[in-house]
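Okay, structure first, notes after.
Any read-out appearing in this document is the output of simple, stated calculations on the displayed coordinates, not a laboratory observation. All values derive from a computational prediction rather than experimental measurement. As a convention, Cβ positions derive from the backbone with ideal geometry for all residues, glycine included, and neighbour counts pool all protein chains shown.
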Amino acid sequence: MVLYDGFINRLSELVKDKKELPRSTKELQNGSKNDIIFGRDTAFELGGSQKPCVSTLAVSSDMHFSNKAYLVGRDLPQITGDSPFGKIVLVEIDEQTDDDTAFNTVKELEQVKYKFYVRDFMTRASALNMREQIRVGKNAVKSGVSFADYGQKLIDTFLQNEKVKSVEVVFLTDFDGYKELNSVAEKIKETTSALNHILDNVMFDCSTCNLKPICDEVEGMKELHQKHK
Ligand code: SF4
């Protein structure tokens, strides 16, 4: 799976000034999908109040990642109100036996954000617009939870999947490049849609296909469809 490699390079370039976070030994408690953090118990919301907010995940089978979390901007203890928020997750997976298996792995990893429940954090993620807002509870702030702690738990969750070889997570709060990040995240989403389309055995006719712009941009897409037609 190398279709996303060009976008991974663009994302890495975009956050080249990221700061490495220390490995956390603090064990955050699991939450549950029914946990609700009401307004009165909320310290702030990452991506709240219509601030810029982008979440993306890209997968590669030939790039290795550091199993570390990184940050651009303020850490959780320094944030005092609703803040812009970005999250980039890069995942190395085993070379998959066939394209359908690779696609299913991508979809499976994309689901993690809907199932990652941490006590005193409440996530609302949208596949449609790539926003992932996280409500941070006052209890989390009181106990000094940082992105290093939250990121470590997220990394450990990905690594529990036997197809995952390595992972890297970048959190963004104060960041100038949300527009560019959103544009790369949009292309990653389009690549996954095109992959879905190709594997659905849809007719191979680029002249009438609305996915042509992304297939023109991503190396290997047309060859993939040619192989599956
Ligand atoms: S290769 Fe052509 S037909 Fe296939 S998804 Fe891309 S643009 Fe559409």
Original post:
For region 1-106, with only Lys/Arg (+1) and Asp/Glu (-1) charged at the beta-carbon, what is the dipole magnitude about the Cα centre, in debye rounded to 20?
Top reply: 740 debye
Original post:
Toward the positive end of the charge dipole of the chain, about the Cα centre and with charges on Cβ (Lys, Arg +1; Asp, Glu -1), which of A102, G144, V202 goes farthest?
Top reply: G144
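Grab the beta carbon distance between Q226 and Q50, set R0 = 35 Å, and tell me the FRET efficiency rounded to 0.05.
Values: r = 43 Å, r/R0 = 1.23.
That pair, Q226 with Q50, gives E of 0.20.
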**OP:** Can you tell me how much longer the chain between S193 and R124 gets when fully stretched, taken as 0.36 nm per residue apart minus their C-alpha distance, in nm with one decimal?
**Re:** 22.7 nm
Subject >> Low-density loop positions, trypsin sites (Lys or Arg not before Pro), region 24-55 - DSSP coil, at most 15 other Cβ in 10 Å >> reply: K26, K33
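As a quick test, which of the pairs K18/K222; K33/K165; K26/K142; K19/K189; K16/K179; K113/K165 have an alpha carbon distance above 23 angstrom in this structure?
On the way: K18/K222 34 Å; K33/K165 27 Å; K26/K142 14 Å; K19/K189 26 Å; K16/K179 16 Å; K113/K165 18 Å.
Over 23 Å apart, Cα to Cα: K18/K222; K33/K165; K19/K189.
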Original post:
Taking only DSSP H segments of four or more residues, each worth -39500 (n - 2.57), what value at 222 nm results for the chain once the sum is divided by all its residues, to the nearest 500 deg cm²/dmol?
Top reply: -10500 deg cm²/dmol
**OP:** Treat every Asp and Glu Cβ in region 5-176 as -1 and every Lys and Arg Cβ as +1, leave all other atoms uncharged, and give the resulting dipole magnitude about the Cα centre to the nearest 20 debye.
**Re:** 920 debye
Original post:
T80 to D200: FRET efficiency via 1/(1 + (r/R0)^6), r the Cβ-Cβ distance, R0 41 Å, to the nearest 0.05?
Top reply: 0.30
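Once the piece of chain linking T101 and D17 is laid out straight, how much longer is it, given 0.36 nm per residue of separation minus the C-alpha distance between them?
Working it through step by step, the gained length comes to 26.8 nm.
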Subject >> region 102-170: GluC sites (Glu not before Pro) in DSSP loop, at most 10 other beta carbons within 10 Å >> reply: E162
**OP:** Take the Cα gyration tensor of region 54-114, multiply each eigenvalue by 5, square-root it, and list the three semi-axes largest first, rounded to whole angstrom.
**Re:** 30, 13, 7
**OP:** Note the full-extension length gain between N9 and Y117 as 0.36 nm times their separation in residues minus their Cα-Cα distance, in nm to one decimal.
**Re:** 35.9 nm
**OP:** Assuming R0 = 35 Å, can you tell me the calculated FRET efficiency for the pair D94 and D176, based on Cβ-Cβ distance, to the nearest 0.05?
**Re:** 0.45
Original post:
Using Cα pairs under 8 angstrom and six or more residues apart, how large is the relative contact order of the chain, in percent?
Top reply: 30 percent
Original post:
How big is the shadow of the Cα convex hull of the chain, averaged over all directions, in nm²?
Top reply: 12.5 nm²
